[in-house]
Structure formats: C-alpha cells, structure tokens
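Engineer: The structure follows.
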Amino acid sequence: MAFFSIGHPERERVEVTLIGSLADVKTEGYDWINARVQIDVGGFTGDVQIYMCLSDMIRFKQELEPVYANLNGVAEFKTIENQLYIRVESDKLGHIAATGFLTSDFALDNKLTFDIHYDQTLLWHTTKRCLSCHRGRPNKSSDRSAASLFLKLFGAAKVECA
C-alpha cells in the first residue's frame, strides 16, 4: 500500500511506496529508505525505485498539513539526488495543483513531468493515508520497518485503510 499519494484515487496520481528498512544514519551518513514511485498522468506512466531521506518526508508532511488546514500555501518535496520533486499548491478556494517530475536515473536525467489538478478534499489522503493495515492496525515488524516509520511520521496509534 502507498506511503503517500498525490492526486486522484485511480488516475492522475503520484504514489510513493516505501520498501525495506530505514538506513542507519550513523553508518550510512543519511536517513535513506528505498521507495517505489509510480506516476499515472494523462497517457503517460512511470515506475521507478529511488532512495529518499526520512528528513525530507518529515519536512514535506510539516509543510503539507497547513496547506490542507488553511486551504492556502505551498508544500514541496525533493529528494537529495533530485529524482523526485513534488510541489503542492492550494488557492483559497480549495483547488490543488500538484506539479513536479520523476527522473528514471539521476545521471541520465530522463524526466516525466506532471501537472495534476484536484480538489482539496483529496489532499486529506496525502496527509493521513495509511501505509499498511491489518484489521485497522499497522504491521508491527522491526522498529526500522516502513510501518513503524509511518507511525513515527504521522503519529498514529491506530490507522484506518481508505
């Protein structure tokens, strides 16, 4: 299940799914985690595995919450290697514009750009979506698992699947 998604439930969307465990900052130097990014916009699709930093996800979540709550503002997500960039912007009427790009390889610079427009009611899923559910509860594997990472980011003791 997606860690977070931007856009519509079935189409015109960017979906990020965490894979594996969080890297140890002390040994790796960064708080890396592997992620699968899938994009479906217009007649184009992309499916790429990238590395993301936990600190980037926390910052994006912190920027995104006031955009949803106030129906105004901008939140940006950018990976350290510039493979994924997402800019979510809201006007005061609740119209959301999500723009950005996904590169298949940071060295080759093949890019799929997107421009998705939707209603702010769908932004709730981005800020609250569950990562993994089993009878309404997240998976309880190791402390460094994607499920426990989700709980640390979103502070949920119990989550519901949409």
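Engineer: Mind listing whichever residues of region 1-15 are crowded, with 18+ Cβ neighbours inside 10 Å and either more than 12 Å from the chain's Cα centre (by Cα) or not in a loop (DSSP other than H, G, I, E, B) (or both)?
Structural biologist: From region 1-15, those crowded, with 18+ Cβ neighbours inside 10 Å are 2-7, 12-15; that's our starting set.
Listed by number, the residues that qualify are F4, S5, I6, G7, E12, R13, V14, E15.
Engineer: I would also like to ask the following. Taking the stated definitions as given, is D109 among the charged types (D, E, K, R) and in a loop (DSSP other than H, G, I, E, B)?
Structural biologist: Values: among the charged types (D, E, K, R): yes; in a loop (DSSP other than H, G, I, E, B): yes.
Here the answer is yes, as D109 does meet what is asked.
Engineer: Restricting to region 32-64, name every residue that is surrounded by 13 or more Cβ atoms within 10 Å (Cβ to Cβ), free of Cβ contacts under 8 Å to residues at least 60 places away in the same chain and either aliphatic (A, V, I, L, M) or not in a strand (DSSP E or B) (or both).
Structural biologist: Residues satisfying the conditions are A35, V48, I50, M52, D56, R59, F60, E63.
Engineer: Can you name every residue in region 65-104 that is closer than 17 Å to L122 by Cβ, among the polar types (S, T, N, Q) and not in a loop (DSSP other than H, G, I, E, B)?
Structural biologist: N70, S90, T99
Engineer: Give region 63-103 a look and list any residue that's polar (S, T, N, Q) and at pLDDT below 90, or say none.
Structural biologist: Start the filter on region 63-103 by keeping residues that are polar (S, T, N, Q), which leaves 70, 72, 79, 82-83, 90, 99, 103.
Scanning region 63-103 gives no hits.
Engineer: Among I39, I58, I33, which is the only one that is under 12 Å from the mean Cα position of the chain (by Cα) and over 15 Å from S104 (Cβ atoms)?
Structural biologist: On the way: I39 fails: over 15 Å from S104 (Cβ atoms); I33 fails: under 12 Å from the mean Cα position of the chain (by Cα).
Every option except I58 fails the conditions.
Engineer: Restricting region 16-31 to residues that are assigned to a strand (DSSP E or B) and buried (at least 19 other Cβ atoms within 10 Å of the Cβ), which is modelled with the lowest pLDDT?
Structural biologist: So the first thing to find is which residues in region 16-31 are assigned to a strand (DSSP E or B), and the list is 16-19.
Subsequent filtering for residues that are buried (at least 19 other Cβ atoms within 10 Å of the Cβ) retains 16, 18.
Values: V16: 93, L18: 89.
The extreme case among them is L18.
Engineer: Does A156 qualify as being modelled with pLDDT of 90 or more and surrounded by 15 or more Cβ atoms within 10 Å (Cβ to Cβ)?
Structural biologist: On the way: modelled with pLDDT of 90 or more: no; surrounded by 15 or more Cβ atoms within 10 Å (Cβ to Cβ): yes.
So A156 does not fit the description; no.
Engineer: Can you pull out the residues in region 54-97 that are out of contact with any Ser or Thr (no Cβ under 7 Å at 6 or more places or on another chain) and of a type in the set (S, T, Y)?
Structural biologist: S55, T79, Y85, S90
Engineer: Further, regarding this structure: Could you tell me which residue of region 65-104 is surrounded by the fewest Cβ atoms within 10 Å (Cβ to Cβ), considering only residues that are free of Cβ contacts under 8 Å to residues at least 40 places away in the same chain and among the acidic types (D, E)?
Structural biologist: Checked region 65-104; the qualifying residue surrounded by the fewest Cβ atoms within 10 Å (Cβ to Cβ) is D91.
The values are calculated or read from the model by the stated rules, or taken from the named source; none is laboratory data. Predicted model only: the values in this text are computed from it and were never measured. All Cβ positions, glycine included, derive from the backbone under ideal geometry; neighbour counts span all protein chains shown.
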